[in-house]
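S.K.: This is the structure, below, for whatever I ask next.
The values are calculated or read from the model by the stated rules, or taken from the named source; none is laboratory data. Only a predicted model underlies this, so the values are computations on that prediction, with no experimental measurement involved. Note that each Cβ is placed from the backbone with ideal geometry, even for glycine, and that neighbours are counted across all protein chains shown.
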Amino acid sequence: MSHPAAALIAQRRLLAVIRASSAAAAVETARSALAGGVTVLEVAYTTPDAAAAIRQLAAETAVLVEPPLLGAGTVLDERQAAEAVAAGARFLVSPAVVPAVIACARRLGAAALPGAATVTEVLAALEAGADLVKLFPAEVLGLKFLKAVRTVLPEAGLIPTGGITAANAGEWLEAGAVAVGVGGWLTDGDPAQVRGRAAELVRAVAAAARA
């Protein structure tokens, strides 16, 4: 985990996945998550004009003493990868192992977080140069799967994503996840709800660190 962005994700242990109907909606949701204390944000490329949202968030937060760590999600090809990094993304997340995206991330200085759902895929991700590996869908794979992968591949930095809430985030972290990715549970709602859930998640992650 030598990449600075990967190390920061592992330190903060919480990654918000922003999926929205427009770039403007993604920015609004991201602002609410930031207000609740989340400091690592991934704007998914299922969001129309995701790069514009990343660019705006990077510009808005550049003046902060500690700007949030911004990334792009659901990155499926080299074009999206390059566009996202140019917009300000410092890490790239994919739902599967996409070697071209991993290679582009490394070439452009971003961290690569491909997705995996089997031990074979986790190993393939690591061999391709992944900095961290997204376990997806976590709610289907389960805690036992995470623990089993950690047994045979202890060097893998795993980020379960899918079905994570403030109620179960601590369980995943205690089971060996380096961080958790939280999407729909956090972002479905009005700005006040997103801000409140973000604060809940931050507290849950802090409690897991103290346990």
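S.K.: If you check Ala30, Ala7, which single one turns out to be surrounded by fewer than 24 Cβ atoms within 10 Å (Cβ to Cβ), assigned to a helix (DSSP H, G or I) and free of Cβ contacts under 8 Å to residues at least 60 places away in the same chain?
M.R.: Values: Ala30 fails: surrounded by fewer than 24 Cβ atoms within 10 Å (Cβ to Cβ).
Testing whether each residue is surrounded by fewer than 24 Cβ atoms within 10 Å (Cβ to Cβ), assigned to a helix (DSSP H, G or I) and free of Cβ contacts under 8 Å to residues at least 60 places away in the same chain leaves just Ala7.
S.K.: For residues in region 71-82 being crowded, with 24+ Cβ neighbours inside 10 Å and not in a loop (DSSP other than H, G, I, E, B), which is farthest from the chain's Cα centre (by Cα)? It would help to see each step written out before you state the result.
M.R.: Filtering region 71-82 down to residues crowded, with 24+ Cβ neighbours inside 10 Å leaves 71-73, 75, 81.
Next, only the ones that are not in a loop (DSSP other than H, G, I, E, B) stay: 71-73, 81.
Details: Gly71: 7, Ala72: 8, Gly73: 7, Ala81: 15 Å.
Taking the candidates together, the pick is Ala81.
S.K.: Taking Ala51, is it closer than 18 Å to Ala16 by Cα and either aromatic (Phe, Trp, Tyr) or more than 15 Å from the chain's Cα centre (by Cα) (or both)?
M.R.: Numbers: closer than 18 Å to Ala16 by Cα: yes; either aromatic (Phe, Trp, Tyr) or more than 15 Å from the chain's Cα centre (by Cα) (or both): yes.
So Ala51 passes the test.
S.K.: Within region 167-177, identify whether any single residue is surrounded by 20 or more Cβ atoms within 10 Å (Cβ to Cβ) and of a type in the set (Phe, Trp, Tyr), and answer yes or no.
M.R.: Yes, region 167-177 contains a residue that is surrounded by 20 or more Cβ atoms within 10 Å (Cβ to Cβ) and of a type in the set (Phe, Trp, Tyr).
S.K.: Here are some residues: Val97, Val85, Val101. Which one is buried (at least 18 other Cβ atoms within 10 Å of the Cβ) and in a loop (DSSP other than H, G, I, E, B)? First the steps, then the outcome.
M.R.: On the way: Val85 fails: in a loop (DSSP other than H, G, I, E, B); Val101 fails: in a loop (DSSP other than H, G, I, E, B).
The conditions single out Val97.
S.K.: While we're on this one: Touching a residue at least 60 places away in the same chain (Cβ under 8 Å) and not small (Gly, Ala, Ser): does that describe Leu126? Can you show your working first?
M.R.: Values: touching a residue at least 60 places away in the same chain (Cβ under 8 Å): no; not small (Gly, Ala, Ser): yes.
No, not satisfied.
Yes or no, residue by residue, for (1) among the hydrophobic types (A, V, I, L, M, F, W, C); (2) modelled with pLDDT of 95 or more:
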site: Leu15; (1), (2): yes, yes
site: Val38; (1), (2): yes, yes
site: Ala51; (1), (2): yes, yes
site: Val65; (1), (2): yes, no
site: Pro68; (1), (2): no, yes
site: Arg79; (1), (2): no, yes
site: Val97; (1), (2): yes, yes
site: Ala116; (1), (2): yes, yes
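S.K.: Would you call Gly129 touching a strand residue (DSSP E or B) at 6+ places or on another chain (Cβ under 8 Å), closer than 20 Å to Leu69 by Cβ and surrounded by fewer than 20 Cβ atoms within 10 Å (Cβ to Cβ)?
M.R.: The answer is yes for Gly129.
S.K.: Does Val152 satisfy being aliphatic (A, V, I, L, M) and loosely packed, with under 15 Cβ neighbours inside 10 Å? Working first, answer last.
M.R.: Values: aliphatic (A, V, I, L, M): yes; loosely packed, with under 15 Cβ neighbours inside 10 Å: yes.
Yes; evaluated as a whole, the condition is true for this residue.
S.K.: So, in region 144-197, exactly how many residues are farther than 25 Å from Ile18 by Cβ and part of a helix (DSSP H, G or I)?
M.R.: 9
S.K.: Out of all the residues in region 12-27, which are within 21 Å of Ala62 (Cβ to Cβ) and either assigned to a loop (DSSP other than H, G, I, E, B) or more than 13 Å from the chain's Cα centre (by Cα) (or both)? So that I can check it myself, show each step before the final result.
M.R.: At the first step, the residues of region 12-27 found to be within 21 Å of Ala62 (Cβ to Cβ) are 12, 15-16, 18, 23-24, 26-27.
Those that are within 21 Å of Ala62 (Cβ to Cβ) and either assigned to a loop (DSSP other than H, G, I, E, B) or more than 13 Å from the chain's Cα centre (by Cα) (or both): Ala23, Ala24, Ala26, Val27.
S.K.: Could you list all residues from region 33-55 that are surrounded by fewer than 20 Cβ atoms within 10 Å (Cβ to Cβ) and either over 22 Å from Ala206 (Cα atoms) or touching a strand residue (DSSP E or B) at 6+ places or on another chain (Cβ under 6 Å) (or both)?
M.R.: The answer is Thr46, Pro48, Asp49, Ala52.
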